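Trainee: Got a structure here, written out as structure tokens. Questions coming.
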Amino acid sequence: MVKVYGEFYGCSANKADYEIMIGLLKDAGMEIVDSPKNSDINLITTCAVKTPTVNRMIFRSNELTKFNKPLIVAGCLSKIEKERQLIEKINPKASFVGPDSITKIVDVAHATLNGEKVLSLERVYEEKVGLPHLKTNPIVDIVEINSGCLSSCTFCATKLARGNLYSYRPHSIREQIKQSIKEGVKEIWLTSQDSSAYGRDIGTNLPELLDSIIRIDGNFFVRVGMMNPLHFKKVEIKDLINAYKNEKVFKFLHLCVQSGSNKVLKIMKRGYTVEEFVYYVERFREEIPELTLMTDIITGHPGEDEEDHEQTVELIKEIKPDLTVLSKFGARPGTQAAKMGQTPQKVVNERSKELSKIIRHVSYERNKRWLRWEGKVLIDEKVEGAVVGRNYAYKPIVIKENLGLGSTVNVKISKVTRYALTGKLV
Ligand code: SF4
């Protein structure tokens, strides 16, 4: 029996691709092992979103090459030519599988084991739902709802890897969810590059999909993946808010703003204004005051001056997101922004340092609202000496008990930090 070792990096969509690939390999009779020492072939599912991450992928591919076993490189980096070539220099025999060719993984594995080098990078329009998949967490099913997106943001390498929007049919998505609920899954993560663009190519949309999912029988939560505010214009916001108000939907909104300056949003080709972003957040918070808001900020994008940076600082202070993913701009090969005049690295570092400090303070202030909160928590993660649970607002709550994944307990919040809340059983 062929032994396969695999690892993945990056977003939930990449993780779902990984779970499908190892699911297909296992279905084909291969054994999934937990160390490259014991494997016959290794699989790395790469992320290419930021330069530091890419450097890590190349470093890790080099480490796996040292085991002197066949290597398959999957994920977004396989589609970024310049960086794929860097891995080919390290391992000329490595095979590559693009995000849209994952169902070819069994053939690629056999060919690579036979010493062939395979480049499976073509875009295959197929639904990545209802396929065999090995869940890395038994109570969480990551369900891709579409691949690609409808935007062409100037900084984005993911677009180069995953291309234009291809939405999966609501029926196929629901069938996977029904099957997962039967298998004991408690959390459904709807994921894609841009969940708010869902259905635009097949005559439906995210609120309709969510509505149909929450009507599925069973005791489960739905987490809606990251969204670009651009498509909120086209989605009936009140319909989305109504779907969010259903008890099955985590009160968690991941809406990526990227900058607090309209000038920079224009340069980024994001297609919305800061005012529109603020309007959507306020509409959600009016109806769901305890909503957990997550957003993304890029600092130092070409064209961003001191005044633009100040506007981003002001936006964070005004909107107070619970979580902010802050990225230093880094030119990604093949993107439009890479051809623009770059912001000096020293300036990028200074702006990032200032923003990080404000973001830490804001996250802590937001978490302080939950001190002494009491209620139900779903245990969905095991960590060193504790478990982590999620309440209805998808707040991470650390509980120093040995509780089973998927169990629900009542807790009272005894301590808060900027990262998480600490709960005691009641
Ligand atoms: S919406 Fe923009 S940032 Fe997101 S994947 Fe698409 S192009 Fe990239």
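No lab work stands behind these numbers, since they all come straight from the coordinates. Nothing here was measured: the structure is a model prediction, and the numbers come from that model. Please note: Cβ atoms are built from the backbone with ideal geometry, for glycine as well, and neighbour counts cover all protein chains shown.
Trainee: In the chain, what cysteines have no partner Cβ closer than 4.7 Å?
Mentor: CYS11, CYS47, CYS76, CYS149, CYS256
Trainee: Relative contact order of region 3-120: what whole-number percent is it, with Cα pairs under 8 angstrom and at least 6 residues apart? Intermediate values should be presented prior to the final figure.
Mentor: Values: 206 pairs, mean separation 30.1, N = 118.
Contact order relative to length: 26 percent.
Trainee: Using r as the Cβ-Cβ distance of GLU306 and GLN336, and R0 as 30 Å, what FRET efficiency do you calculate, to the nearest 0.05?
Mentor: Efficiency at R0 = 30 Å is approximately 0.85.
Trainee: Given H placed on each backbone N at 1.01 Å, which residues far from LEU119 in sequence or on other chains put an amide H within less than 5 Å of it?
Mentor: Residues meeting the amide H criterion: PHE96.
Trainee: Name the GluC sites (Glu not before Pro) in region 131-233 that are in a loop by DSSP and that have at most 15 other C-beta atoms within 10 Å, would you?
Mentor: GLU183
Trainee: To check my understanding: the extent here is largest minus smallest coordinate of the Cα atoms along each principal axis. What are those three numbers for region 3-120, in Å, largest first?
Mentor: Rounded to whole Å, the extents work out to 36, 29, 24 Å.
Trainee: Would you count, across region 1-73, every pair of lysines whose alpha carbons are under 18 angstrom apart, provided the pair is eight or more residues apart or spans two chains?
Mentor: 8
Trainee: Right, here's the next one. Over region 140-368, what is the percentage of antiparallel beta bridges among all DSSP beta bridges, to the nearest 5?
Mentor: Working: 2 of 24 bridges.
Expressed as a percentage, antiparallel bridges in region 140-368 total about 10.
Trainee: Using a Gaussian network model of the chain with C-alpha springs under 10 Å, which one of GLY260, GLY303, GLY199 is most mobile by mean-square fluctuation?
Mentor: Ranking GLY260, GLY303, GLY199 by mean-square fluctuation puts GLY303 first.
Trainee: Within 12 Å, Cβ to Cβ, of VAL106, how many net charges do the neighbouring residues add up to if Lys/Arg are +1 and Asp/Glu are -1?
Mentor: 0
Trainee: May I pose another question? For region 374-425, restrict the atom set to alpha-carbon positions and state the Rg and Dmax in Å.
Mentor: Cα-based Rg and Dmax for region 374-425 come out at 9.4, 26 Å.
Trainee: Then there's this: Under 8 Å for C-alpha pairs, at least 6 residues apart: give me the relative contact order for region 140-368, rounded to a whole percent. The partial results should precede the final answer.
Mentor: On the way: 394 pairs, mean separation 42.0, N = 229.
Answer for region 140-368 is 18 percent.
Trainee: Here's a follow-up. Can you list the trypsin sites (Lys or Arg not before Pro) in region 102-193 that are in a DSSP coil and have 12 or fewer other beta carbons within 10 angstrom?
Mentor: Those that pass, being in a loop and sparsely packed, number zero.
Trainee: Summing Lys, Arg as +1 and Asp, Glu as -1, what charge do residues with Cβ under 13 Å from the Cβ of ASP141 carry, ASP141 excluded?
Mentor: +2
Trainee: For the chain, take N as its residue count and report Rg(C-alpha) divided by 2.2 N^0.38 Å.
Mentor: 0.98
Trainee: Shifting gears a bit: Mind jotting down the three principal axis lengths of region 86-210 based on Cα atoms? Whole angstrom, largest first.
Mentor: 46, 39, 21
Trainee: Chymotrypsin sites (Phe, Trp or Tyr not before Pro) within region 204-296: which are DSSP loop residues with at most 12 other Cβ atoms inside 10 Å?
Mentor: The qualifying sites: there are none.
Trainee: Please give the net charge around PHE277, taking every other residue with its beta carbon less than 12 angstrom from that of PHE277, where Lys and Arg add +1 and Asp and Glu add -1.
Mentor: Cβ neighbours under 12 Å give a net charge of -2.
Trainee: Mind checking the dipole of region 3-120: about its Cα centre, +1 per Lys or Arg Cβ, -1 per Asp or Glu Cβ, Debye to the nearest 20? Intermediate values should be presented prior to the final figure.
Mentor: Numbers: 16 positive and 14 negative charges, 88 e Å.
Using only the charged Cβ atoms, the result is roughly 420 debye.
Trainee: For region 18-58 and region 254-316, write down the distance between their C-alpha centroids in whole Å.
Mentor: For region 18-58 versus region 254-316, the Cα centre distance is 35 Å.
Trainee: For THR324, which sequence-distant residues (separation of 5 or more, or a different chain) have an amide H within less than 5 Å of its own amide H, given hydrogens modelled in the peptide plane?
Mentor: The list, which skips near neighbours in sequence, is THR295.
Trainee: Still on this structure, I have one more. What residues qualify as long-range amide H neighbours of GLU31, i.e. H under 5 Å apart, gap of 5 or more or another chain, H built at 1.01 Å from N?
Mentor: VAL2, LYS3, VAL4
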